[in-house]
Amino acid sequence: MINGKTVLAVIPARGGSRRVPRKNLREYRGKSLLLWAMHSAKDSKYIDLLLTSSDDEEILSIAAQQPQSGGCLWRPAELATDDASSEDVMRHALALNPHDWIVLLQPTSPNRTTEDIDACIERAQLGNGCVSTFHGKTNGAVYVATADWLAEHDFSHMGMMKYEMEESHSLDIDYLEDFLK
């Protein structure tokens, strides 16, 4: 909770991937991308509920076993395609778990820290209700928005505030060779 407002964090972890099969369960530096995302969220000062959204039973089972998990959300097939938007996944989570703020934590950003998450949430309080992370370009590690803002916009909106992460935190794993970085 921040300033009396509740905060929902969502980890969108599909079972499929175009480029790297089972990417969200693949290990990077000793643990899966899914666990990196969950561990970065666990010590947040502000996150009230952490949900993993997936279309994959194994991913949801692993997530449910983690002490920091607030729950798992079965994602409908239409939200589990390559074309499904992160915003629609978040709207789905909010429809079932209403909160004032929502945080998107993509598993493909394993070097993001709890400090990055909390700094984005704090920064979002200062502006128009939406923040994304970047280093040189938007990196997708953390998105923060009010539920009201997300109801009317998506993350390509030009009015989003930015939070600059350290370069070492900005890795975005899209290809198999990215696991070696």
Worksheet item: Taking the stated definitions as given, is residue 26 open to solvent by 70 Å² or more (accessible area, probe 1.4 Å), within 18 Å of residue 172 (Cβ to Cβ) and not polar (S, T, N, Q)?
Response: yes
Worksheet item: Identify, please: which residue in the stretch 81-102 is of a type in the set (A, V, I, L, M, F, W, C) and within 23 Å of residue 157 (Cα to Cα) and is, among those, most open to solvent (accessible area, probe 1.4 Å)?
Response: 95
Item to complete: With the condition kept exactly as written, say whether any residue in the stretch 34-46 is surrounded by fewer than 19 Cβ atoms within 10 Å (Cβ to Cβ), polar (S, T, N, Q) and within 30 Å of residue 124 (Cα to Cα).
Response: no
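Listed here are the residues, each with its yes/no results for (1) under 22 Å from residue 94 (Cα atoms); (2) under 15 Å from the mean Cα position of the chain (by Cα); (3) of a type outside the set (Gly, Ala, Ser).
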| position | (1), (2), (3) |
| --- | --- |
| 131 | yes, yes, yes |
| 141 | yes, yes, no |
| 148 | yes, no, yes |
| 158 | no, no, yes |
| 162 | no, no, yes |
| 170 | no, yes, no |
| 178 | no, no, yes |
Practice prompt. Determine which member of the set 153, 135 is touching a helix residue (DSSP H, G or I) at 6+ places or on another chain (Cβ under 6 Å), of a type outside the set (Gly, Ala, Ser) and open to solvent by 20 Å² or more (accessible area, probe 1.4 Å).
Written response: 135
Item to complete: Report the residue count in the stretch 107-124 for those that are within 19 Å of residue 90 (Cα to Cα) and out of contact with any helix residue (DSSP H, G or I) (no Cβ under 7 Å at 6 or more places or on another chain).
Response: 5
Item to complete: Would you check if residue 117 is farther than 16 Å from residue 38 by Cα, touching a strand residue (DSSP E or B) at 6+ places or on another chain (Cβ under 6 Å), assigned to a helix (DSSP H, G or I) and at pLDDT 95 or above?
Response: no
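The values are calculated or read from the model by the stated rules, or taken from the named source; none is laboratory data. Quick caveat: nothing in here was measured; it's all calculated off a predicted structure. A quick note on method: Cβ atoms are made from the backbone with ideal geometry, for glycine too, and the neighbour counts reach across all protein chains shown. Accessible surface areas use protein heavy atoms only, side chains included; no ligands, DNA or RNA. Shrake-Rupley method; radii C 1.70, N 1.55, O 1.52, S 1.80 Å.
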